[in-house]
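The values are calculated or read from the model by the stated rules, or taken from the named source; none is laboratory data. Keep in mind that this is a model prediction, so the values were computed, not measured. Methodologically, a virtual Cβ is constructed for each residue, glycine included, from the backbone with ideal geometry; neighbour enumeration extends over all protein chains shown.
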């Protein structure tokens, strides 16, 4: 039996670059098209764009950008920051292979301890994972309000326990990840009320529907993307289409913080 594992890049404690996504980035670099790249990997066109949106949301700088215009009608490009990530990944993958070979020679890989390690490596399933900066902390005896500034400049407020604040060792100016489920995001055309918290502005960039629900993807600016799952009734009531400007609301209690 051989010891093997996948090499994953993390950003702020969250996995955002692993081998499937690296393959996608290389394919985008080669073909300059997300459509062609998704077929090469392979993955669906929708999954490819979702992967790109997640990578750009977690990264401090864009990894992939869309270009419009030109004689070919535009395309998809890896940024210089993204190319540096690919180079670093290739170097680390070589070292990773050497490490695994050495570890296999030194370790009893039949040990049940590896089952425990596998469980500890679980990933978060929440669709919305957005990089943010801590700009204010209001701590009380039990709960704490943490104010998060997104790359777009918009503000989110998360309410976590004081114990969680201390366990995560969260302090001012920390870079963290705001995590919340897509079904916890409520969409509205109503204007923002005075001093209303956890209200984000964005425009619709894609809508996917099934028999009962719709997943709406919003662009909030600066590569901050937000997903919301709503019913078809709500979708029709709001009259949503690509380009529609919307308000997204999220309750503070539904926003987790990762570090």
Checking residue 70 against (1) loosely packed, with under 12 Cβ neighbours inside 10 Å; (2) modelled with pLDDT under 65; (3) not in a loop (DSSP other than H, G, I, E, B), only one condition comes out false. Which one? (3)
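Going residue by residue through the stretch 97-111, is there one that turns out to be modelled with pLDDT under 85 and within 28 Å of residue 200 (Cβ to Cβ)?
Checking the stretch 97-111: not a single residue is modelled with pLDDT under 85 and within 28 Å of residue 200 (Cβ to Cβ).
Checking the conditions here, which among 88, 141 is at pLDDT 80 or above and surrounded by fewer than 10 Cβ atoms within 10 Å (Cβ to Cβ)? So that I can check it myself, show each step before the final result.
Numbers: 88 fails: surrounded by fewer than 10 Cβ atoms within 10 Å (Cβ to Cβ).
Every option except 141 fails the conditions.
Results for (1) surrounded by 15 or more Cβ atoms within 10 Å (Cβ to Cβ); (2) closer than 27 Å to residue 65 by Cβ; (3) touching a residue at least 40 places away in the same chain (Cβ under 8 Å), shown as yes or no for each residue.
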position: 153; (1), (2), (3): no, yes, yes
position: 157; (1), (2), (3): yes, no, yes
position: 169; (1), (2), (3): no, no, yes
position: 225; (1), (2), (3): yes, yes, yes
position: 236; (1), (2), (3): no, no, no
position: 243; (1), (2), (3): no, yes, yes
Out of the residues in the stretch 43-66 that are buried (at least 22 other Cβ atoms within 10 Å of the Cβ) and assigned to a loop (DSSP other than H, G, I, E, B), which is modelled with the highest pLDDT? 63
Just one of the numbered conditions (1) without any contact (Cβ under 8 Å) to a residue 40 or more places away in the chain; (2) assigned to a helix (DSSP H, G or I) is not true of residue 253; which one? (1)
